[in-house]
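Chemist: Here it is, the structure, as structure tokens.
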Amino acid sequence: SQIRESAALTRDVLEQHFNDLKGTLRKLLDERLVLLLQEVDAIEQESIKPLDECQKLIEHGVSTADDLLQEGESVIHEVMGEQNENLCNFTKKALHIQLDSLPEVPALVDVPCLSAQLDDCLLTIVKNQIFNHGTVASRPPVQIEELTEKPGGILVRWCKVDDDFIPQDYRLQYRKSTANHFEDVYVGSEMEFIVLHIDPNVDYQFRVCARGDGRQEWSPWSIPQTGRSTLVPHEWTAGLEGYSLSSRRNIALRNDSQSCGVLYSKAPTYFCGQTLTFRQVHAVLPLHEALTQTEFPVLSHFATAALYSELKPHCASEL
């Protein structure tokens, strides 16, 4: 049933989302930890280098003094003849060694003492965000209300079913019933949209969602609705002298030909009760005169639309 299937799908979506979220958070925390540890290593190496050099100088001075002391003891115990000569050499050597010259050892307060500052309120902020993250709705706030076939298209209308929901924008998607993925076809504030370039006698699925006022995320999708159009798109007849057609043959452009004829539609694609609208665009006229629109009621089920045109060159007619 729809309840069990939607509940199972919702469980899968929630589990996947939170698993992805946990993986992302773990990755971000690990990356931050690595950066902080690298900073500790850098400060440690930079701070301890002069102290290591100072220690080496002191150890070298102590070692030199110890060697000089041992040499002095040996001179004292030598015989009298050799003692005078070695004592003289020892005295000269001792005068050249500066035993009282040692590097200054910094005070303890001047030596870096590393520590970590961690804001405990981060956990509280994260908790509040997690506890308020995500909602479960029993039904979407908007649903597709009507699918109306049009020549080469389908008019989709939707409505709001949640009185407490204040929509800002709507998002409409569609796909062929044999396709795997939906495609965006409309985003805006209107509650209806004609999806064009629909293949005749092919089933299409439509779904819609909404974005609440002041929100960034979209609402859950509506229940997909299936529709089709049995009406072929309108086209002008190709090969008529004096006119050039667009790739879809729904726009006829008056060319430079001097001949003037009748522009016929390819087939009687309109039915009784429908209104046929011709739009004429004059590229060489001012903007307020460039667009004229005329409506003609279709009187016959088999009527073929014909436009008796006296348009000047570079004027387009769209059916």
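The values are calculated or read from the model by the stated rules, or taken from the named source; none is laboratory data. Here the structure is a predicted model, which is why all the values come from computation and not from measurement. Backbone-built Cβ (ideal geometry, glycine too); neighbour counts: all protein chains shown. Note: areas computed on protein heavy atoms with side chains; ligands, DNA, RNA excluded. Shrake-Rupley method; radii C 1.70, N 1.55, O 1.52, S 1.80 Å.
Chemist: Condition test on Lys56, is it among the charged types (D, E, K, R), closer than 30 Å to Thr91 by Cα and out of contact with any Gly (no Cβ under 9 Å at 6 or more places or on another chain)?
Modeler: Spelling it out, Lys56 is indeed among the charged types (D, E, K, R), closer than 30 Å to Thr91 by Cα and out of contact with any Gly (no Cβ under 9 Å at 6 or more places or on another chain).
Chemist: Another question, then. Here is a list: Leu51, Leu36, Leu57, Leu14. Which entry is surrounded by 10 or more Cβ atoms within 10 Å (Cβ to Cβ), touching a Pro at 6+ places or on another chain (Cβ under 6 Å) and in contact (Cβ under 8 Å) with a residue 24 or more places away in the chain?
Modeler: Leu57
Chemist: Select, from Arg157, Arg215, the only residue that is assigned to a loop (DSSP other than H, G, I, E, B), of a type in the set (Lys, Arg), open to solvent by 60 Å² or more (accessible area, probe 1.4 Å) and farther than 25 Å from Ile3 by Cβ.
Modeler: Arg215
Chemist: Another one. Return the pair list, or none, for Cβ contacts closer than 7 Å from residues in segment 212-235 that are under 18 Å from Asp162 (Cα atoms) to residues that are open to solvent by 70 Å² or more (accessible area, probe 1.4 Å), at least 6 apart or on different chains.
Modeler: Note: pairs meeting the criteria are Gly212/Ile166; Gly212/Gln168; Asp213/Ile166; Asp213/Gln168.
Chemist: If you don't mind, there's one more thing I want to ask. Test Gln168 against the stated conditions and say whether it is out of contact with any Leu (no Cβ under 9 Å at 6 or more places or on another chain), open to solvent by 60 Å² or more (accessible area, probe 1.4 Å) and not in a loop (DSSP other than H, G, I, E, B).
Modeler: Against the criterion (out of contact with any Leu (no Cβ under 9 Å at 6 or more places or on another chain), open to solvent by 60 Å² or more (accessible area, probe 1.4 Å) and not in a loop (DSSP other than H, G, I, E, B)), Gln168 qualifies.
Chemist: Further question: Cβ-Cβ below 7 Å, separation at least six or inter-chain, first residue in segment 127-149 and more than 23 Å from Glu5 (Cα to Cα), second surrounded by fewer than 12 Cβ atoms within 10 Å (Cβ to Cβ): which pairs?
Modeler: Between residues of segment 127-149 that are more than 23 Å from Glu5 (Cα to Cα) and residues that are surrounded by fewer than 12 Cβ atoms within 10 Å (Cβ to Cβ), the close pairs are Glu149/Thr230.
Chemist: Let me ask something else about it. Does segment 226-244 include one or more residues that are farther than 22 Å from Glu145 by Cβ, in contact with a Phe, Trp or Tyr (Cβ under 7 Å, 6 or more places away or on another chain), part of a loop (DSSP other than H, G, I, E, B) and open to solvent by 50 Å² or more (accessible area, probe 1.4 Å)?
Modeler: Within segment 226-244 (the criterion being farther than 22 Å from Glu145 by Cβ, in contact with a Phe, Trp or Tyr (Cβ under 7 Å, 6 or more places away or on another chain), part of a loop (DSSP other than H, G, I, E, B) and open to solvent by 50 Å² or more (accessible area, probe 1.4 Å)), the answer is no, since none of the residues qualifies.
Chemist: As an exercise: evaluate Pro200 against (1) in a strand (DSSP E or B); (2) under 25 Å from Tyr270 (Cβ atoms) and give the number of the one condition it does not meet.
Modeler: With (1) in a strand (DSSP E or B); (2) under 25 Å from Tyr270 (Cβ atoms) applied to Pro200, the lone miss is (1).
Chemist: Taking the residues in segment 264-286 that are modelled with pLDDT under 75 and aliphatic (A, V, I, L, M) as candidates, determine which candidate is surrounded by the fewest Cβ atoms within 10 Å (Cβ to Cβ). Walk me through it before giving the result.
Modeler: Keep residues of segment 264-286 that are modelled with pLDDT under 75, which gives 269-286.
Next, from what is left, pick out any that are aliphatic (A, V, I, L, M): 276, 281, 283-285.
Working: Leu276: 17, Val281: 16, Ala283: 12, Val284: 10, Leu285: 13.
Among residues in segment 264-286 that are modelled with pLDDT under 75 and aliphatic (A, V, I, L, M), the one surrounded by the fewest Cβ atoms within 10 Å (Cβ to Cβ) is Val284.
Chemist: Please go through segment 172-207 and give me each residue that is open to solvent by less than 70 Å² (accessible area, probe 1.4 Å) and either touching an Asp or Glu at 6+ places or on another chain (Cβ under 8 Å) or assigned by the TED database to the domain that holds Asn250 (or both), ordered by number.
Modeler: Hits for segment 172-207 are Leu172, Gln173, Tyr174, Arg175, Ser177, Gly188.
Chemist: Can you confirm whether Ala210 is surrounded by 16 or more Cβ atoms within 10 Å (Cβ to Cβ), modelled with pLDDT of 75 or more and out of contact with any Asp or Glu (no Cβ under 6 Å at 6 or more places or on another chain)?
Modeler: It is true that Ala210 is surrounded by 16 or more Cβ atoms within 10 Å (Cβ to Cβ), modelled with pLDDT of 75 or more and out of contact with any Asp or Glu (no Cβ under 6 Å at 6 or more places or on another chain).
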